[in-house]
Amino acid sequence: MKRRFILAAAILTSFVAGSIAHAQDSAAVPAWTPKFEQRATWKIEQVKERSRTSLSQRWEEARGEFVQHMSVLGRTLGGFSVGWDFDPPDESIESNRFQKAVMAIYGVDKLSIGVNLAGRPLIAYGAESRDQQVETYAAGLPPELESEARLLAQFRAQAADDPMFEVQLFAKPAIMIGRLQRAESWIAQKGETFRLQQTDHIYDAPVTGEAVFKVEDINTSTQRVTVSWIWEISTESLPTTMRRQIAEMLEGAAGQAAVLPLPLRADAGSSSFVYKGQAQLSLDDGSLLSAQEERIMRIGFDTEYLTTRMTREP
């Protein structure tokens with residue numbers, strides 16, 4: 001009996017020691033140190049869902065699944081040149097068919113992007129020639145496709161105002177990567193919180209703000225640090241055109257409020273925009289390994305959920 005007790009104690013001690021070795025309270029996360037010409041494959045899934053205040057369930061509106069490949073091509077004056085190659089989207093999925101059609105109009109199966117030292121995208125190279133191609137395509141559309149011509153005109157106007165528009169349109173993972181990687185090494189302390197400036201697009205309009213991050217876990221066995229974040233955007237910080245659209249939508253919600261029970265009417269005159277996410281960073285080279293983010297956008301009684309999941313394969 002005594003021998004069994006000693007053996008059990010030894011096993012327990014070994015298990016605890018191993019757990020402590022694998023899970024730490026702090027670790028150094030290196031600056032992003034990319035390897036040139038090394039191709040990384042990203043699998044991306046996006047799901048758009050919707051709900052209404054008067055209903056308890058969410059329903060799916062659209063889904064997209066994509067495979068993209070990233071390679072760091074070389075150094076630039078302020079960062080790196082990064083190439084993104086896009087696998088042909090699976091046309092059995094409706095959102096993929098739209099993406100494939102837009103890629104064909106722009107003549108895009110790859111994109112070269114300039115990024116800073118942390119990997120944050122700054123510009124899509126070659127945008128002018130692609131804009132000319134879109135202009136030529138739109139000019140040749142027949143009258144019955146006027147709505148498509150208007151959409152392309154809107155795309156061109158947004159691209160003229162925003163150098164990140166094509167990155168947002170074709171290489172969304174690049175934006176997520178740039179949010180989370182850093183150009184300098186830092187110490188991750190489990191449980192600590194910190195704030196970082198963020199940029200995203202809502203209905204193709206750029207928005208900026210400050211997200212609150214938290215270090216959730218540090219695992220030296222898998223060489224990963226897990227961080228979560230929440231980012232709340234005030235309506236006042238949105239572009240003027242978008243605030244005008246929201247005001248019109250809230251007017252419509254106010255007209256519907258009278259038919260709802262009193263407890264449900266509070267949402268009629270308000271809106272909210274919240275991002276919640278979690279990601280894993282490598283303790284080897286500071287690069288992003290996986291991420292999941294949900295954007296919750298409520299305007300009046302309607303709530304839209306856009307969930308993005310992305311995983312890197314070596």
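Brief remarks on what is shown
- Tally, over the stretch 51-65, of residues that are surrounded by 16 or more Cβ atoms within 10 Å (Cβ to Cβ) and in contact with a Phe, Trp or Tyr (Cβ under 7 Å, 6 or more places away or on another chain): 2
- Breaking point among (1) touching a Pro at 6+ places or on another chain (Cβ under 9 Å); (2) surrounded by 15 or more Cβ atoms within 10 Å (Cβ to Cβ); (3) within 22 Å of residue 290 (Cα to Cα); (4) not acidic (Asp, Glu), for residue 41: (2)
- Note on the stretch 215-227: residues that are in a strand (DSSP E or B) and over 30 Å from residue 162 (Cβ atoms) total 8.
- Residue 143 vs. criteria touching a residue at least 60 places away in the same chain (Cβ under 8 Å) and of a type outside the set (S, T, N, Q): no
- Candidate set: the stretch 80-111, residues that are hydrophobic (A, V, I, L, M, F, W, C) and without any contact (Cβ under 8 Å) to a residue 60 or more places away in the chain; chosen: the one surrounded by the most Cβ atoms within 10 Å (Cβ to Cβ): 80
- Subset tally (residues that are more than 19 Å from residue 213 (Cβ to Cβ) and touching an Asp or Glu at 6+ places or on another chain (Cβ under 9 Å)) for the stretch 167-184: 2
- Breaking point among (1) among the small types (Gly, Ala, Ser); (2) crowded, with 19+ Cβ neighbours inside 10 Å; (3) in a helix (DSSP H, G or I), for residue 211: (3)
- Of the numbered criteria (1) part of a strand (DSSP E or B); (2) modelled with pLDDT under 75; (3) polar (S, T, N, Q), the one residue 241 fails is (1).
- Evaluation of residue 105 against (1) touching a Leu at 6+ places or on another chain (Cβ under 9 Å); (2) farther than 20 Å from residue 149 by Cα (one fails), failing number: (2)
- Here residue 188 qualifies as in contact (Cβ under 8 Å) with a residue 40 or more places away in the chain, buried (at least 16 other Cβ atoms within 10 Å of the Cβ), in contact with a Ser or Thr (Cβ under 7 Å, 6 or more places away or on another chain) and at negative phi.
- Whichever residue in the stretch 185-225 is farther than 16 Å from residue 290 by Cα, of a type in the set (Val, Ile, Thr) and touching a His at 6+ places or on another chain (Cβ under 9 Å) and, among such residues, is modelled with the lowest pLDDT: 207
- Residue 49 of a type in the set (Asp, Glu) and either in contact (Cβ under 8 Å) with a residue 24 or more places away in the chain or touching a strand residue (DSSP E or B) at 6+ places or on another chain (Cβ under 9 Å) (or both): yes
- No other residue among 272, 228 is at pLDDT 90 or above and touching a Lys or Arg at 6+ places or on another chain (Cβ under 7 Å) apart from 228.
- Residues of the stretch 274-314 classified as touching a helix residue (DSSP H, G or I) at 6+ places or on another chain (Cβ under 8 Å) and hydrophobic (A, V, I, L, M, F, W, C), total: 7
- The one condition in (1) within 25 Å of residue 241 (Cβ to Cβ); (2) in contact with a helix residue (DSSP H, G or I) (Cβ under 8 Å, 6 or more places away or on another chain); (3) at pLDDT 90 or above that residue 107 fails to fulfil: (1)
The values are calculated or read from the model by the stated rules, or taken from the named source; none is laboratory data. As the structure is a computational prediction, the values presented were derived from the model and not from experiment. Cβ atoms come from the backbone with ideal geometry, glycine included; neighbour counts cover every protein chain shown.
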